[in-house]
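No value in this document is a laboratory result; all are computed from the given coordinates. In this text, all values refer to a predicted model and were calculated from it rather than measured experimentally. No Cβ is skipped: glycine too gets one built from the backbone with ideal geometry, and neighbour counts run over all protein chains shown.
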Amino acid sequence: MTNPEEILSDLALGEDQRHEFKRMVDNPESVAGEVVAFANSDGGVLYLGVDDGGQLIGLGDPERAFQTLTPICRDRCIPPISPIIEQFRVTDKEIIVLQIRPELNRQKPYRTTGGRFYIRVGRDKKDATGRELIRIAQAAGELYYDESPVLGTSLADLSIATFSAYHQHHFGLGTGVPRLIIRLSRVLSGREPEFALVGEELRMRIWARPWSERV
């Protein structure tokens, strides 16, 4: 957005998938929700100092509003979101234009500090479903199939010969599957695996920290 004429043209078209209007920064969590929704979708523009109908009303204290927006994007959005924030004077009204560009925000999915994963649906923000979050993460390259759990499986479903051959070929690790699994437990949790004898079968339990605790 570079000039008042383009701004007036956008306002005349009303709110849609990529445009949201707010009168002021009165609720930081609500503003963070709009920012998160744009970041989790295809980006968008938030106009401050504009009512829901696209009427310019201006901001009483644009400098304060401007200074509030960056902390909202950094401290109330997880991970922090990088906006482009500009102040304009249009028909004698001071407004702020906040842009969220996808190329600057690739760590999807984003959420608010209140734990809400929003997406943009038409002219509204909506809570993303589990399936939508998976698609967002996959599209952003943050989720890989080899990191996804396969429910209802166990080590008995693993081809030991293939597993060993893969690690031998790619990593030169010829120490055998049990030792590799012990290493895996150490890497994932910092703990040694536990062993238990069940009947005549020796079983091993490996540990892993929750994803939120890993760095």
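Taking the average, over residues, of other Cβ atoms within 10 Å as the packing measure, peptides 85-97, 126-138 rank 85-97, 126-138 from highest down. How much length, in nm to one decimal, is gained on full extension between Lys93 and Asp61, taken as 0.36 nm per residue of separation minus their Cα-Cα distance? Net length gain for the segment: 10.4 nm.
In this label model, Ile85 and Asp127 are separated by 2.9 nm, measuring between points 7 Å along each Cα→Cβ vector.
Given their separation in residues at 0.36 nm each and the Cα-Cα distance between them, His169 and Leu13 gain 50.2 nm when the chain is fully extended.
Taking amide H positions as modeled 1.01 Å from N, with prolines and chain starts lacking one, the residues under 5 Å from Val121 and 5 or more places away or on another chain are Lys126. A crude spin-label estimate for the pair Asn3 and Arg135, with each label 7 Å from Cα along the Cβ direction, gives 3.8 nm. Put simply, the amide H of Ile57, placed in the peptide plane, has neighbours under 5 Å in Val50, Asp51, leaving out anything fewer than 5 places away on its chain.
Between segment 1-44 and segment 65-93, the alpha-carbon centres lie 11 Å apart. Within a straight-line Cα-Cα reach of under 23 Å, Lys108 can be paired with the following lysines, leaving aside sequence neighbours fewer than 8 residues apart in one chain: Lys125, Lys126. A Förster radius of 22 Å, combined with the Cβ-Cβ distance separating Asp51 from Leu104, puts the computed FRET efficiency at roughly 0.20.
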